[in-house]
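Report on the structure given below.
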Amino acid sequence: MALRVFVAGGTGWAGSELSKGIAKTKGMELVGALSRKHSGKNLADILKLDSGTIPIYSDIETALMKTDFDVLVEYTKPDIAKTNVIASLNKGKNVVIGTSGLTDSDYSEIEKVAIDNNSSVLAVGNFAITVVLLQMFSEIAAKFIPNFEIIDYAHEKKVDSPSGTARELAHRLSKVQESKIYVSEKDFVGQKESRGTRLEGVQVHSIRLPGHVISVESIFGLKDEKLTLRHDSGSSAEPYVNGGLLAIQKVGTFKGLKRGLDSVMEF
Ligand SMILES: NC(=O)c1ccc[n+]([C@@H]2O[C@H](COP(=O)([O-])OP(=O)(O)OC[C@H]3O[C@@H](n4cnc5c(N)ncnc54)[C@H](OP(=O)(O)O)[C@@H]3O)[C@@H](O)[C@H]2O)c1
């Protein structure tokens, strides 16, 4: 039987590209979507898909009542993402989270709800394979270099910061080791904000400017030498599709919460 997938945000920039990918993938069926503006319409018409009716709802409660599915893909906005995820987990669905902006404490809560419902959540700050590689290379560097900071760059309209990619990277690097601080709070002079925020023991800075899409840098420093690992996204959502499809296939293979696409990749 095909895996029935519901995409919250199926009409959006990232969600529509993934929805087209799901519709083309053998063994998957796209069964519904969330969008306020397109509620009541047929996603197949909007995305020009060669399939039957794919209903669009404005809220997750209605969707859960009217459409049965196996996997929820959460690709909306940070203000509604946790509500969608928790409502779906409470109905025993598995969930793939692509939306950025959820905090570590949100993830602790989500993990608990997933375990209580014997469900699974795979949260991926960035589905692009080149970002997965940046995360892995950065973890190797952090084993050898205790001095590192993260900078994330995005367009001026991105509502959340740091980005999901930067948050996930900080989370992963913190598991290797916390980055060293050389000037203690009591010796610090000037505006504290200029040093960015500290996420799980890792310093993170966010730049929001027109002309930028999404980029992330992990910067490492040792005496007289430095290393910068940088990823730049292009302008289309295509790089996120294959990773999203893999996440949908793999989310049912474990229970509880996993973060990062490589947690389910085979090497
Ligand atoms: N993990 C990754 O690799 C990755 C890649 C790209 C983007 N992202 C993240 O994914 C999220 C979506 O990005 P995007 O660029 O696709 O945004 P977008 O183009 O604005 O799309 C958002 C989608 O969510 C729907 N939506 C938003 N708020 C909603 C609500 N309250 N109720 C129901 N539907 C709602 C929108 O429809 P309506 O406005 O009609 O409601 C639309 O379909 C962001 O957090 C972004 O940072 C992650």
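Each reported figure results from applying straightforward, stated rules to the coordinates on display, with no laboratory input. On a predicted model such as this, the values are computed, not experimentally measured, just so you know. Every residue, glycine as well, gets a Cβ built from its backbone with ideal geometry; the counts of neighbours run over all protein chains shown.
Ranked by Cβ crowding within 10 angstrom, fewest neighbours first, how are H212, H171, H155 ordered?
Exposure proxy ranking, most exposed first: H155, H212, H171.
Compactness ratio of region 56-120: Cα Rg over 2.2 N^0.38 Å, N = residue count?
Scaled against compact globular proteins, the figure is 1.03.
Compute the Cα gyration tensor for region 1-145, then decide on rounded, prolate or oblate, letting a ≥ b ≥ c be the square roots of its eigenvalues: rounded whenever a/c is under 1.5, prolate when a/b is larger than b/c in the other cases, and oblate in all that remain.
prolate
Work out Dmax and Rg for the chain from the C-alpha atoms and quote the Rg first, both in angstrom.
For the chain, the Cα-based Rg and Dmax read 19.3, 65 Å.
I want to verify the translational diffusion coefficient of region 129-232 in µm²/s; compute it with Stokes-Einstein, Rh as the Kirkwood radius over Cα pairs, at 20 °C and 1.002 mPa s.
Roughly 151 µm²/s, to the nearest whole number.
Rounded to the nearest 0.05, what FRET efficiency do K26 and K255 have when you use their Cβ-Cβ distance and R0 = 41 Å?
0.95
Using θ = phi - 60° and the Karplus form 6.51 cos²θ - 1.76 cosθ + 1.60, what ³J(HN,Hα) does each residue of region 213-219 get, whole Hz, x for Gly and Pro?
Each residue of region 213-219 in turn: 9, 9, 9, 9, 10, 10, 10 Hz.
Rounded to the nearest 500, what is the chain's calculated 222 nm mean residue ellipticity when only DSSP H runs of at least 4 contribute -39500 (n - 2.57) each, over all residues?
The helix contribution divided over the chain gives -10000 deg cm²/dmol.
Can you tell me the 0 to 90 degree angle between the C-alpha axis of helix 164-176 and the longest principal axis of the chain, rounded to 10?
Rounded to the nearest ten degrees, it is 50.
Could you please report the charge total around I214, scoring K, R as +1 and D, E as -1 over all other residues with beta-carbon less than 15 angstrom from its beta-carbon?
In short, -3.
Helix 104-116 sits at what angle to the longest principal axis of the chain, using alpha carbons and giving 0 to 90 degrees rounded to 10?
Around 40 degrees separate the two axes.
Straight distance only, please: which lysines reach the Cα of K226 with their own Cα at less than 23 Å, same-chain residues fewer than 8 apart left out?
Answer for K226, where 23 Å is the Cα cut-off: K143, K175, K180, listed by chain and number.
Tell me the net charge near D116. Cut-off is 14 Å between Cβ atoms, D116 excluded, with +1 for each Lys or Arg and -1 for each Asp or Glu.
Neighbour charge sum, excluding D116 itself: +2.
By how many degrees, 0 to 90 and rounded to 10, does the Cα axis of helix 241-250 deviate from the longest principal axis of the chain?
The two axes meet at around 70 degrees.
Rounded to whole Å and sorted largest first, what semi-axes of the equivalent ellipsoid does the C-alpha gyration tensor of region 204-267 yield via the square root of 5 times each eigenvalue?
After scaling each eigenvalue by five and taking roots: 29, 19, 11 Å.
With the cut-off at 22 Å, tell me which of the pairs K24/K82; K77/K158; K24/K91 have Cα atoms farther apart than that.
K24/K82; K24/K91
Find the centroid of the Cα atoms in region 65-142 and in region 3-46, then give the distance between the two in whole Å.
Taking the Cα centre of region 3-46 as reference, the centre of region 65-142 is 17 Å away.
Round to the nearest 0.05 the FRET efficiency obtained for T67 and D104 when R0 = 41 Å and r is the Cβ-Cβ distance.
0.85
Could you name the lysines in cross-link range of K41, using Cα to Cα under 18 Å and dropping any fewer than eight places away on the same chain?
The qualifying lysines are K20, K66.
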